[in-house]
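As structure tokens, the structure follows; a few thoughts come after it.
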Amino acid sequence: MMTKTTRRTSLTACALVLIAVVVLLFLRGCESAVTAGTGAGDAGGAVQVVRIEGDLAGTISPGVVVPLDLRFTNPHDVGLSITGLTVVVRGVVAPGSCAVDDFEVDQAPADLRVTLAARATNTLSGLGFPSTTWPRLGMRDLPVDQDGCKGASLTLDYTASGTRGDR
């Protein structure tokens with residue numbers, strides 16, 4: 001039979017584990033987020049998250065690199081200026097032998113600056129950036145059979161930094 005103290009300890013331990021799992025899931029969901037501070041690289045105690053997602057402008061295959069039209073969502077009441085954008089292939093799920101190293105990313109130019117209005121969602125194409133300035137995703141053309149990558153799903157991480165756009 002379980003005593004009140006043992007039951008309370010067990011419930012407390014379960015609650016702490018549940019809280020830890022929720023926190024980890026939240027942090028994992030923020031991996032593709034932009035942090036924007038109130039000054040040059042300084043969050044000033046108020047980190048603002050901007051959602052970044054991407055859509056390929058075509059189909060990739062060995063040796064083919066395709067522009068990635070990124071979509072930015074700013075849920076805040078201030079405009080943001082986003083810089084330092086990087087895209088990384090974090091994971092691959094494929095029916096055969098296929099790995100992250102089978103893919104490559106050509107990053108957007110280092111001086112690319114995306115200005116996003118308050119409470120706005122927009123894409124690189126919608127903001128007038130030519131596709132030559134978008135990050136590009138491709139599959140390396142290797143001297144081995146790459147059929148294992150057919151139908152692969154990729155997980156991409158997006159990172160950037162930014163400042164309030166009204167400064």
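The values are calculated or read from the model by the stated rules, or taken from the named source; none is laboratory data. Bear in mind the structure is a predicted one, so any value in this text is a computation, not a measurement. No Cβ is skipped: glycine too gets one built from the backbone with ideal geometry, and neighbour counts run over all protein chains shown. Protein only, heavy atoms only, side chains kept; ligands, DNA and RNA dropped before computing areas. Shrake-Rupley method; radii C 1.70, N 1.55, O 1.52, S 1.80 Å.
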When the dipole is taken about the Cα centre of the range 61-117, and only Lys, Arg (+1) and Asp, Glu (-1) are charged at their Cβ, what size is it in debye, to the nearest 20? 160
Residues with amide H under 5 Å from that of VAL64, placed H, sequence gap 5 or more: MET139
Given VAL49, PRO62, PRO95, which one lies farthest toward the positive end of the charge dipole of the range 47-126, if we put +1 on the Cβ of every Lys and Arg and -1 on the Cβ of every Asp and Glu? VAL49
So if each residue of separation counts as 0.36 nm, and I subtract the Cα-Cα distance between SER153 and ALA110, what length gain in nm does that give? 12.8 nm
Along the range 94-102, Karplus-curve 3J(HN,Hα) (6.51, -1.76, 1.60; θ = phi - 60°) to the nearest Hz, with x for Gly and Pro, reads 9, x, x, 6, 7, 9, 3, 5, 6
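Where nothing but the Cβ of Lys and Arg (+1) and of Asp and Glu (-1) is charged, how large is the charge dipole of the range 45-156 around its Cα centre, in debye to the nearest 20?
Working: 8 positive and 12 negative charges, 84 e Å.
Using Cβ point charges on Lys, Arg, Asp and Glu, the range 45-156 gives about 400 debye.
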On the full set of protein chains, 1.4 Å probe, figure out the accessible area of ASP157 and give it in Å² to the nearest 10. 30
